[in-house]
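I have placed the structure first, in the form of structure tokens, so that the comments after it can refer back to it.
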Amino acid sequence: MGNQPASGAGGSMSSRRSSSGYHSHQQHGAGSGAGQSSYGGSKPPPGGAAPVGYMQTHSQQYPGAAMKKSSSDMSMTDLSSHYGADANEPAISQLDLATISAAEEDTVPTVFRWEHGGRNVYITGTFNGWSLALAPDQPTVADIEGRINNFIDVTDFKAYTGDKEFEKERAAADYHRCTKSDKSSNGEEETASSSGKKSSKGSDAEGEVYGHSMPDLDEYTKEPPPLPPHLRHIILNKPPQLQDTAALPVPQHVALNHLYCTAIKDNMMVLGITQRYKTKSCTTVYYSPC
Amino acid sequence: MMSTQSASAAPSGMLREREVVRNTGKEAIASFLEAQTCYSVLRASGKVVVFDTRIPIQLAFYALVEHDMQAAPLWDPKRCQFVGILTVTDFIDVLRYYRQTGADVVTLATRSIADILADEGILSTVLRKSIPRRFAVNSAGEYKESDQHSSFLAIDAEATLDRACHLLHDQSLDFLPVMLAPDMRVLATITYTCVLEHLVNNFREQRRLFDDTIYDLGIGTYGEEVVVAYPHQSLHEVLHTLHMHGLSAVPVVDENTKKIRGVYSRSDITFLTKASDAEDAVSNLNLTMDVLMSQQRTDVTTPDALHTCSTRQTLQSVFEYFAQVKFNRLIVVDDEERVVGVVSARDLVAYFL
């Protein structure tokens, strides 16, 4: 790790991090391979956009990385591939700085304050795919009242702008993830393949929900479930009492709150429902046009 | 005619004692009505027919006949609230309007309830009751102007019977919907007969407080005020008379002997059920009482059937009779079967208010 050109590595790493929207504190705290490997291995990538960032790094610059060297240092793989692909180092730093400033403009400082005790406090949301984001290894600061506060940078957090936009972005992310996992299947880059497996799992899970496959014909043409036998005793169909035509037999409790309807006749629909009030029941017959 | 001989002949001390008994009886029933809620009048399992105001009035009417119901609350789907009550007699009144104005009855088939109720011509001429009502009653039983239920007069299920009776009486209603306001549900529509039925079935009194005759107590209408109909009169004429006097029924008496022949109720729909279509129904308004009386159903005894009593009958015995046969009214006759008065369920309840 220490063999890397210190200024270049640290600079590009931190800027890349920042642009991909992870925790801003790593600009200062990182540079150490241990921190990065723990991030890459134990923690899931923070949200949809971050893996895309990784993948882009790999897929675009993969040939370069492969040519130059196959890194033995897992933790530094991203960095080295990135670093190695771009020959012109000052150009990178310029680009990255621009990204940083752009990212910082988008940043909205948000204070999450937890005042209810407990040992571990997590923050989760769309910015990390609703996975548990452990706050404690974030930089902390004590406010004037002595409370410990964490800072989290959610630069790449994309506000929900409606289903179409959101779905498009997610589809793009999924597509990239898939291609990434395909490419990394040759085992060249451990980090890439491990994160690739994770993301491909995610897309599979989503694929089950939003599929294009037609349901079986039997699924929607089969007979509906049979009517429970006790619902066949419809008190409205019982012969009326001649003395008091508004009186009905006392319904079974299982028949309450079920909607009855007649076949549409004369463009009129008749609905019936029996409801209970205290110990008495009332059947309302509603005549409505259709 | 029948004077209050028995009362005037009695010594003054006796008179005062009788007055005390009468008042005790009144108070006993008043406190009974005060203690009971509208909920207690409800059937163990009841049916309420509700009409969307958009449905044709003719179909609504046939639905009422099919259910053999007298009244149905009307629901306005646009305003999402109940807006009134449609009764069998309303439809008869609409038919009367068509006959009076000579309008084409065929158009009636296409007219919705909302359309009819918005027709000023019909409202002002034949529908005596003002359909849009301005007051609603809250559960506390106070009148209050309410925007939400401005046009629907109903009573909360938890309100006292006393309150319901006053509402029926003060607003001169025939039907009062019992409502579950938070749910916007009508649980039932109650009438004087319902209240009276609950009273005679549940009121228990050991003392003999109701031994005065209904005539002495002044319950009912007697003498010259009694409106009667004759067998040769047309239905249209009779319905008009009922409308003008605000009555629900009229005794039909023989012109020569003055003997009671029957009673005709406004809500009697036999002539309509015999009709093949609306046009036929309107022409049936020309039928005479004689013909209609012969068509009346005899297979079932409705509360509108003819029940008679004499002026000598005590309030106690009238209650007992009501417990046996539920009636909407009694025709008071003398020994010669001549009509001397009418006692309605309304009169019986109103006496205690």
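We did not get these values from a lab; they are worked out from the coordinates using the rules stated. This one's a predicted model, so the numbers in the text were calculated from it and none came from an experiment. No Cβ is skipped: glycine too gets one built from the backbone with ideal geometry, and neighbour counts run over all protein chains shown.
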Handout entry: Diffusion coefficient, µm² s⁻¹, Stokes-Einstein with Kirkwood Rh over alpha-carbon pairs of chain B at 25 °C and 0.890 mPa s
Key = 113 µm²/s
Fill in the blank from the handout: Summing -39500 (n - 2.57) over every DSSP H run of at least 4 residues in chain B and dividing by its residue count gives a helix-only mean residue ellipticity at 222 nm, to the nearest 500 deg cm²/dmol, of -11000 deg cm²/dmol
Exercise for the section: Kindly rank B:42-49, B:186-193, A:108-115, B:26-33 from highest to lowest mean number of other beta carbons found within 10 Å of each residue. Expected result: B:186-193, B:42-49, B:26-33, A:108-115
Exercise for the section: Please go through region B:160-234 and write out the trypsin sites (Lys or Arg not before Pro) that DSSP classes as loop and that have at most 12 other C-beta atoms within 10 Å. Expected result: B:ARG204, B:ARG207, B:ARG208
Problem - Cα-based convex hull volume of region B:143-277 per residue, rounded to whole Å³ - result: 206 Å³
Fill in the blank from the handout: Computed for region B:162-235: size of charge dipole around the Cα centre, +1 on C-beta of each Lys and Arg, -1 on C-beta of each Asp and Glu, debye to nearest 20, value 340 debye
Problem - Ranked by how many other beta carbons lie within 10 Å on average, peptides B:252-258, A:235-241 from highest - result: B:252-258, A:235-241
Exercise for the section: Find out how many positive minus negative residues lie around B:HIS307, taking Lys and Arg as positive, Asp and Glu as negative, among other residues whose Cβ is under 12 Å from that of B:HIS307. Expected result: +1
Completion exercise
For the table B:LYS259/B:LYS326; A:LYS238/B:LYS26; B:LYS274/B:LYS326; B:LYS47/B:LYS78, the rows whose alpha-carbon distance is greater than 31 Å are A:LYS238/B:LYS26
Exercise for the section: Would you mind ranking B:HIS245, B:HIS198, B:HIS240 so that the residue whose beta carbon has the fewest other beta carbons within 10 Å leads the list? Expected result: B:HIS245, B:HIS240, B:HIS198
Practice task
Taking the Cα centre of region B:210-350 as origin, sum charge times position over the Cβ atoms of Lys and Arg (+1) and Asp and Glu (-1), and report the length of that vector in debye to the nearest 20.
Solution key: 220 debye
Exercise for the section: At most 13 other Cβ atoms within 10 Å and a DSSP loop assignment: could you name the trypsin sites (Lys or Arg not before Pro) in region A:254-287 that fit? Expected result: A:LYS278
Exercise for the section: Tell me which residues come under 5 Å, amide H to amide H, from B:ALA249 once H is placed; ignore anything under 5 positions away on its chain. Expected result: B:ARG266
Exercise for the section: Give me a single rounded figure for B:13-26: the average over its residues of other chain Cβ atoms within 10 Å of their Cβ. Expected result: 0
Handout entry: Cβ neighbours within 10 Å from other chains - mean over A:274-281
Key = 5
Practice task
For region A:229-289, just run the numbers: alpha carbon Rg, then divide by 2.2 N^0.38 Å, N being how many residues it has.
Solution key: 1.16
Completion exercise
For region B:210-350, averaging the sequence separation of alpha carbon pairs under 8 Å that lie six or more residues apart and dividing by its residue count, the contact order in percent is 32 percent
Problem - Computed E for B:ASP104/B:THR125 - FRET, C-beta separation, R0 25 angstrom, nearest 0.05 - result: 0.90
Handout entry: Within chain B: Cβ-based charge dipole about Cα centre, in debye rounded to nearest 20 (Lys, Arg +1; Asp, Glu -1)
Key = 420 debye
Problem - Neighbourhood net charge (12 Å Cβ-Cβ; Lys/Arg +1, Asp/Glu -1) for B:ASP334 - result: +1
Handout entry: 10 Å Cβ neighbours from other chains, averaged over peptide B:179-189
Key = 2
Problem - At most 13 other Cβ within 10 Å, DSSP loop - trypsin sites (Lys or Arg not before Pro), region B:317-353 - result: none
Problem - Fewest-first ranking of B:ILE57, B:ILE113, using other Cβ atoms within 10 Å as the exposure measure - result: B:ILE57, B:ILE113
Handout entry: Relative contact order of chain B, defined on C-alpha pairs under 8 angstrom at six or more residues apart (%)
Key = 17 percent
Practice task
Under 15 Å from the Cβ of B:ASN256, count the other residues' Cβ atoms, weight Lys and Arg +1, Asp and Glu -1, and hand me the total.
Solution key: -1
Fill in the blank from the handout: Scaled by the rule-of-thumb 2.2 N^0.38 Å, the alpha carbon Rg for region B:210-350 gives a ratio of 1.07
Practice task
May I have the extent of the alpha carbons of region B:14-53 along their three principal axes, as whole Å values ordered from largest to smallest?
Solution key: 58, 22, 13
